[in-house]
Amino acid sequence: MADDETALRERLVDLARRYGRYGYRRITALLRAEGWRCNHKRVERIWRAEGLKVPARQSKRGRLWLNDGSCVRLRPERPNQVWAYDFVEDRTRDGRWFRMLNVVDEFTRECLAIRVGRQLKAADVIDVLSDLLILRGVPGHVRSDNGPEFAATAVRRWISGVGAATAFIEPGSPWEMA
């Protein structure tokens, strides 16, 4: 019985970590689906003994977890750890569009580069980032939204090739950008 209790406890904690927004009732259903013989009272007892709690709901704007339930939000702790980049669009007086690619260091809030043009594509993003890598070194992560210029295979492959990791924001959450 003690071996079963220990194994059940480990599995319950693992599921609680994996599914951060699930309570003990839903974890009980997952355990039963995996073949464990346990009722909700036993799972609740272990849940309380482990000090597990479902975090209170947070507003979408200030949430700490992602849609998949994980509670990982990348926050920079030093300069050149996380860079964020995004496009800003505007019009000239005669009504023609132009775009600006802005790269920001999230820790210092310093604008590292601005590239302006009528059309900026994935190759332009790589060009700006390569210039910055020569000047500043390789960052730990590069954060962007899921736009076609940033999610392009060439950009992702180039970023991982230089030794940095990509970090995409959640769709529909522009406030997660620096």
Examine region 24-36 for a residue that is surrounded by fewer than 16 Cβ atoms within 10 Å (Cβ to Cβ), among the acidic types (Asp, Glu) and either under 21 Å from residue 145 (Cβ atoms) or at pLDDT below 90 (or both), and state whether such a residue exists.
no
Within region 10-43, the count of residues that are under 31 Å from the mean Cα position of the chain (by Cα) and either over 27 Å from residue 57 (Cβ atoms) or not basic (Lys, Arg) (or both) comes to 19
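When you go through 4, 14 one by one, which is the residue that is free of Cβ contacts under 8 Å to residues at least 12 places away in the same chain, of a type outside the set (A, V, I, L, M, F, W, C) and within 15 Å of residue 53 (Cα to Cα)? Outline the logic, then answer.
Values: 4 fails: within 15 Å of residue 53 (Cα to Cα).
None of the other options fit; the residue is 14.
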Would you mind telling me which numbered condition in (1) out of contact with any strand residue (DSSP E or B) (no Cβ under 8 Å at 6 or more places or on another chain); (2) modelled with pLDDT of 90 or more; (3) not acidic (Asp, Glu) residue 59 fails?
(2)
Which residue is surrounded by the most Cβ atoms within 10 Å (Cβ to Cβ), if the candidates are limited to region 87-113 and must be within 26 Å of residue 77 (Cα to Cα) and touching a Leu at 6+ places or on another chain (Cβ under 7 Å)?
103
Name the residues in region 116-137 that are part of a loop (DSSP other than H, G, I, E, B) and without any contact (Cβ under 8 Å) to a residue 40 or more places away in the chain, would you?
118, 119, 120, 121
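Starting from residues that are more than 23 Å from residue 163 (Cβ to Cβ) and among the hydrophobic types (A, V, I, L, M, F, W, C), keep the ones in region 114-130 and report whichever is surrounded by the most Cβ atoms within 10 Å (Cβ to Cβ). Steps first, answer last, please.
Taking region 114-130 as the starting set, the residues that turn out to be more than 23 Å from residue 163 (Cβ to Cβ) are 114, 116-121.
Subset that is among the hydrophobic types (A, V, I, L, M, F, W, C): 114, 116, 120.
On the way: 114: 12, 116: 12, 120: 18.
Applying the filter and picking the extreme gives 120.
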Residue 126 of a type in the set (Val, Ile, Thr) and modelled with pLDDT of 90 or more:
no
Outside any helix (DSSP H, G or I), of a type in the set (A, V, I, L, M, F, W, C) and within 11 Å of residue 83 (Cα to Cα): does that describe residue 107?
yes
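The values are calculated or read from the model by the stated rules, or taken from the named source; none is laboratory data. The shown structure was predicted, so the numbers you read here are calculated from the model rather than taken from an experiment. We place every Cβ from the backbone using ideal geometry, glycine too, and count neighbours over all the protein chains shown.
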